[in-house]
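The values are calculated or read from the model by the stated rules, or taken from the named source; none is laboratory data. Computed from a predicted structure; not experimentally measured. For neighbour counting, all protein chains shown are included, and Cβ atoms are generated from backbone atoms with ideal geometry for every residue, glycine included. When the accessible area is computed, the model is the full protein with side chains, heavy atoms only, and any ligands, DNA or RNA have been set aside. Shrake-Rupley method; radii C 1.70, N 1.55, O 1.52, S 1.80 Å.
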Amino acid sequence: IEIKNLESLEKLVRWLNQYVEQIENDAELSKKALEIFRELRSKEEAKSEELFGKDNQASTIFRKITDGMFEEVNYDSSAREILVKRSHGKILQKASELSRSEWTQLYTTIRVALGEKLLKGEKGFFIVEEPFIHSDSERLLKEFDMLKNLSERGWQTIYFTAKDEIKEGLPKQMDVDIIELKRLP
């Protein structure tokens, strides 16, 4: 707006007042949206804590595949961290501090528990790629048992691996079809 006289100055003032009003309106709407997002986040965090409540499925599965080395899996919503409790101690440990093998076991356990919770007892479809790559032979057998248990409950699993030990060991544990993929040219 070009200011040439008092009328154009008044026009500028009206325009600036409308502009300020729009900014204030946008700010108010943004505050309301932020509050809604905070409420949604709180609800989602509550759902996450519910998934990891006392005697939760993740704890049960993790306890079983670690042969009782871990007794509990929890979620701390304030820190936004997954915590585990070893059976020999009462201190919760951050999942990020676990060994790679323990962490991949935990990650797979949480995926299974989450799938079962979301599907509410219905059968699911599970696709995994090298979830147990860091596992030793003993842990591998426990993890195969977890997959076998899923299969016995009607779940379908597609397991991708490049590890010969898994390719050879899995059929010994359960009835599976092995499909070997050829390298692309």
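Quick notes on this structure:
- Debye-sum result for region 31-163 in log10 I(q)/I(0), which assumes one identical scatterer on each alpha carbon, at q = 0.09, 0.13, 0.14, 0.22 Å⁻¹: -0.29, -0.59, -0.67, -1.37
- Accessible-area ranking of 108, 157, largest first, probe 1.4 Å: 157, 108
- Over the chain, accessible surface divided per residue gives 72 Å², non-protein components excluded, 1.4 Å probe.
- Short-range pairs are left out: with C-alpha atoms under 8 Å and at least six residues apart, the relative contact order of region 120-185 is 39 percent.
- For residue 12 and residue 37, the FRET efficiency from 1/(1 + (r/R0)^6), where r spans their Cβ atoms and R0 equals 41 Å, is about 0.65.
- Pairs beyond 29 Å (Cα-Cα), from 64/120; 64/123; 90/163; 4/31: 90/163; 4/31
- Given R0 = 45 Å, the distance between the Cβ atoms of residue 182 and residue 25 translates into a calculated FRET efficiency of 0.15.
- Scanning residues 5 or more positions from residue 81 or on other chains, those with amide H under 5 Å from its amide H are 76, with H placed 1.01 Å from N in the peptide plane.
- Note on the chain: with a GNM built from Cα contacts shorter than 10 Å, the maximum mean-square fluctuation among 33, 162, 46 falls on 33.
- Residues whose amide H lies under 5 Å from that of residue 126, counting only those 5 or more places away or on a different chain, are 156, 157, 158; hydrogens are built 1.01 Å from N in the peptide plane.
- Carbon/sulfur fraction of accessible area - region 37-182, other protein chains in place, 1.4 Å, %: 51
- Amide H to amide H distances under 5 Å link residue 70 with 87, where only residues 5 or more positions off or on other chains count and H is placed in the peptide plane.
- At q = 0.25, 0.29 Å⁻¹ the log10 of I(q)/I(0) for region 114-173 amounts to -1.10, -1.32, computed by Debye summation with a single uniform scatterer per C-alpha, solvent ignored.
- Charged-residue dipole, Cβ positions (Lys, Arg, Asp, Glu), the chain about Cα centre, Debye nearest 20: 220
- Calculated FRET efficiency for the pair residue 94/residue 168, C-beta based, R₀ 25 Å, to 0.05: 0.10
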